[in-house]
1. Six or more apart or on different chains, Cβ under 7 Å: which pairs go from a residue in the stretch 36-51 that's of a type outside the set (D, E, K, R) to one that's in a loop (DSSP other than H, G, I, E, B) and open to solvent by 90 Å² or more (accessible area, probe 1.4 Å)? Could you list them?
2. Taking the residues in the stretch 132-153 that are in contact with a helix residue (DSSP H, G or I) (Cβ under 9 Å, 6 or more places away or on another chain) and not small (Gly, Ala, Ser) as candidates, determine which candidate is nearest to LEU92 (Cα to Cα).
3. Only one of GLY106, GLY90, GLY78, GLY100 is in contact (Cβ under 8 Å) with a residue 12 or more places away in the chain, farther than 28 Å from LEU13 by Cα and among the small types (Gly, Ala, Ser). Can you tell me which?
4. Which residues, taken from the stretch 1-19, are surrounded by 10 or more Cβ atoms within 10 Å (Cβ to Cβ) and among the polar types (S, T, N, Q)?
5. State which residue pairs qualify: first residue over 30 Å from LEU71 (Cα atoms) and inside the stretch 1-27, second residue of a type in the set (A, V, I, L, M, F, W, C) in any location, beta carbons under 7 Å apart, and separation of 6 or more residues or different chains.
6. Would a scan of the stretch 153-163 turn up a residue that is among the acidic types (Asp, Glu) and in contact (Cβ under 8 Å) with a residue 60 or more places away in the chain?
7. Of all residues in the stretch 162-175, which are assigned to a helix (DSSP H, G or I) and open to solvent by 70 Å² or more (accessible area, probe 1.4 Å)?
Amino acid sequence: MPGLPPPPSRSLLHNRSIQLTCFEREDGLFDVDAHLVDTKPFDLVLSVTQRKNAGFPIHDMWLRFTFDATLTIVDTEGVMDVPAHDSCTGALPNYKALIGLRIGPGWVRAAFKRIARADGCTHLTEMFTEIGTTAMQAMFGRANRDQRKGKPTDRSFAPALVNTCFGWRAGGEIATRSAEESGGA
């Protein structure tokens, strides 16, 4: 059976589920929808007036990035179906500050400069990296699909993948092959 080896006996303390999905829209734009849900297997008392029951969400929140074919963010939208505290929803409009950023190398650092920790939601902001990776995976898959259908494809994002991980390291098999296929080597 693949996966991690069996651990010693243990008990669940917290469960976080994150689902990211990318869509190609009929208007030529793209959406990454990120959904985060936190639950605990026991009741949680957050304050004198606020209690979260076992198994029910502590957080249930969404963040959508809309971007164009160049991976430039053209809109953001956030919803907190279940915020930890009612005041948390005040952070949602601040994600509009990301409009104009291009998803690619260094974009998460740039996003953190636009949204200070105290201006954002820790849980939504933590998903920036995954949102970027999901957008890149979607665009790579789209180019691959279109290429197989004989459509002209834009793979200009491929060089941006170099040195983002071991597989795409400079001089490695994937980066070298990609450069050869695009006529860059």
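1. Final answer for the pair search is THR39/PHE56; PRO41/LEU12.
2. Here is the first cut: in the stretch 132-153, the ones in contact with a helix residue (DSSP H, G or I) (Cβ under 9 Å, 6 or more places away or on another chain) are 132, 136, 140, 143, 151-153.
Checking which are not small (Gly, Ala, Ser) leaves us with 136, 140, 151-153.
Values: MET136: 24, PHE140: 29, LYS151: 39, PRO152: 38, THR153: 35 Å.
That would be MET136.
3. On the way: GLY106 fails: in contact (Cβ under 8 Å) with a residue 12 or more places away in the chain; GLY90 fails: in contact (Cβ under 8 Å) with a residue 12 or more places away in the chain; GLY78 fails: farther than 28 Å from LEU13 by Cα.
After ruling out the rest, the residue left standing is GLY100.
4. Filtering the stretch 1-19 for residues surrounded by 10 or more Cβ atoms within 10 Å (Cβ to Cβ) gives 14-19.
Result: ASN15, SER17, GLN19.
5. Pairs that qualify, where the first residue is over 30 Å from LEU71 (Cα atoms) and the partner is of a type in the set (A, V, I, L, M, F, W, C): there are none.
6. Step one: list which residues in the stretch 153-163 are among the acidic types (Asp, Glu), which gives 154.
Those still in the list that are in contact (Cβ under 8 Å) with a residue 60 or more places away in the chain too: 154.
Yes.
7. Here is the first cut: in the stretch 162-175, the residues assigned to a helix (DSSP H, G or I) are 173-175.
Of everything in the stretch 162-175, just one residue is assigned to a helix (DSSP H, G or I) and open to solvent by 70 Å² or more (accessible area, probe 1.4 Å), namely GLU173.
The values are calculated or read from the model by the stated rules, or taken from the named source; none is laboratory data. What you see is a predicted model; the values in this text were computed from it and never measured. Every residue, glycine as well, gets a Cβ built from its backbone with ideal geometry; the counts of neighbours run over all protein chains shown. What goes into the accessible areas is simple: the full protein's heavy atoms, side chains included, and nothing from ligands, DNA or RNA. Shrake-Rupley method; radii C 1.70, N 1.55, O 1.52, S 1.80 Å.
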